[in-house]
């Protein structure tokens, strides 16, 4: 203990010396610091291979650690499931792994993998599902054999399906407990429309309607080589790995080609939408609209505009609404972007209940300023530096680059999109920032969602315009499910 105290005193003394030195040193302002230009961005490129059956394979060697990772991204996700069976793909993504194969249960697979510190995981998404593995190089062959068994011989056992359903039922019952859950759900519903596949929600009835046969049929329809993009990264010899994968997959015949559903997008109906949450003392405000695709020519200017407007601690929203006016706990947002469909534009803030209306007005003021006041040279440079400095950390390993390249392949983007990103950001001008702000953030087109306790608002929300009250009650379970549960329905269905 005496030695520990002595060491502690030494550390304090060192800090005191450092503080004294800093106090007497001349401090250079941040905007006068000089840095060398960033080096050219040339990430390690994966090798692309396309088999005769349509499967696309990317190989990305990385010898830093004796590990190998494999991910198969498979076309077909929740946007393609029937409206009366929303939840099918979520159940599929869970039970594909837990349900095991024809020869091994999911629990037996757990034991096998845990003994080798390995993982095989399946997951679901809006436009794809995936199956991945991660293991030591020395264990790759037996783990890959299990991976292939799950890819080709999945069993979707009924007991695991029922367990997965129960977990979703619990989530449905509790989905109104947290404000963040309400805001996320209702924002998507307003921006895209309640019936749009990107906004549909699982309900008791739609989950109950899913049967084991639905999972088997989904697997048969979508898990075909011509729907798969396979990425392999890690400590392997590329020539040997290519030969192994060709031997494994070349003989797999083509199956049905996955087709993207024809989804229509319409802008949200402008106005004010209110969700009553009487047990909170703050409001969450979301201003919503449809955003853009990443292949939009304005994408790079929008990225810079988003950073200036609401991207972080140096943004206008943060400095003007939170720091200067003290109106927000959390604030940010901008024009949404996505690979395959319009992103969701969302300008969001959390504020005290008694500053709800003034907070909305403050957001409107910042939108006006964004459209009227172009960024000066320092503001523009700072935004670009923020984007590019964070950008490099998103792709600082071969595995991260591989995942990005697989996304470009999946969404039919140019494979050099990543390499062009930096130069395109550099080209954005102050005038372009103002132009895209005027083009994509228009106050009279925004749907404004407020979740909070209106009894404590500074003014009535209706002082801003007509208000639509949003019903967030949960539809009750079907009779058959209620009988199975042996009760009148799960708690939380109001």
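Throughout, read-outs are computed from the coordinates displayed, never taken from laboratory work. Treat the numbers as computed from the prediction; the structure is a model and nothing was measured. Cβ coordinates were reconstructed from backbone atoms using ideal geometry, including for glycine residues, and neighbour counts include every protein chain displayed.
Of the DSSP beta bridges with both residues in the chain, give the percent that are antiparallel, rounding to the nearest 5. List each step's numbers first, then the result.
Numbers: 46 of 63 bridges.
Among the beta bridges of the chain, antiparallel pairing accounts for roughly 75 percent.
Counting alpha carbon pairs within less than 8 Å and at least 6 residues apart, what relative contact order, in whole percent, applies to the range 61-137?
On the way: 116 pairs, mean separation 34.8, N = 77.
Result for the range 61-137 is 45 percent.
Contact order for the chain, expressed relative to its length and based on alpha carbon pairs under 8 Å spaced 6+ residues apart, stands at 19 percent. Please state the relative contact order of the range 47-249 as a whole percent: Cα pairs under 8 Å, 6+ residues apart? In percent, rounded to a whole number, it is 39.
Using r as the Cβ-Cβ distance of residue 390 and residue 325, and R0 as 22 Å, what FRET efficiency do you calculate, to the nearest 0.05?
Working: r = 27 Å, r/R0 = 1.22.
After rounding, the FRET efficiency stands at 0.25.
Full extension of the segment from residue 443 to residue 295, taken as 0.36 nm per residue of separation minus the current Cα-Cα distance, would add 50.8 nm.
Here the Debye sum runs over all C-alpha atoms of the range 398-494 as equal scatterers in vacuum, and log10 of I(q)/I(0) at q = 0.10, 0.12, 0.17 Å⁻¹ comes out as -0.77, -0.88, -0.90.
Please quote Rg/Rh for the chain to two decimal places, taking the Kirkwood radius as Rh and restricting both calculations to Cα atoms. All intermediate terms of the calculation are to be shown ahead of the outcome.
Numbers: Rg = 26.4 Å, Rh = 26.1 Å.
Rg/Rh: 1.01.
If you take the Cα Rg of the range 47-249 and divide it by 2.2 N^0.38 Å, with N the number of residues, what do you get?
Working: Rg = 18.4 Å, N = 203, 2.2 N^0.38 = 16.6 Å.
Expressed relative to 2.2 N^0.38 Å, the Cα Rg reads 1.11.
Bridges between two residues of the range 271-463, per DSSP, are antiparallel at a rate of about 70%. Would you give the gap between the C-alpha center of the range 196-252 and the C-alpha center of the range 386-461, rounded to a whole Å? That distance is 29 Å.
The helix-only estimate of mean residue ellipticity at 222 nm for the chain, built from DSSP H runs of length n ≥ 4 each weighted as -39500 (n - 2.57), is -13000 deg cm²/dmol after division by the residue total.
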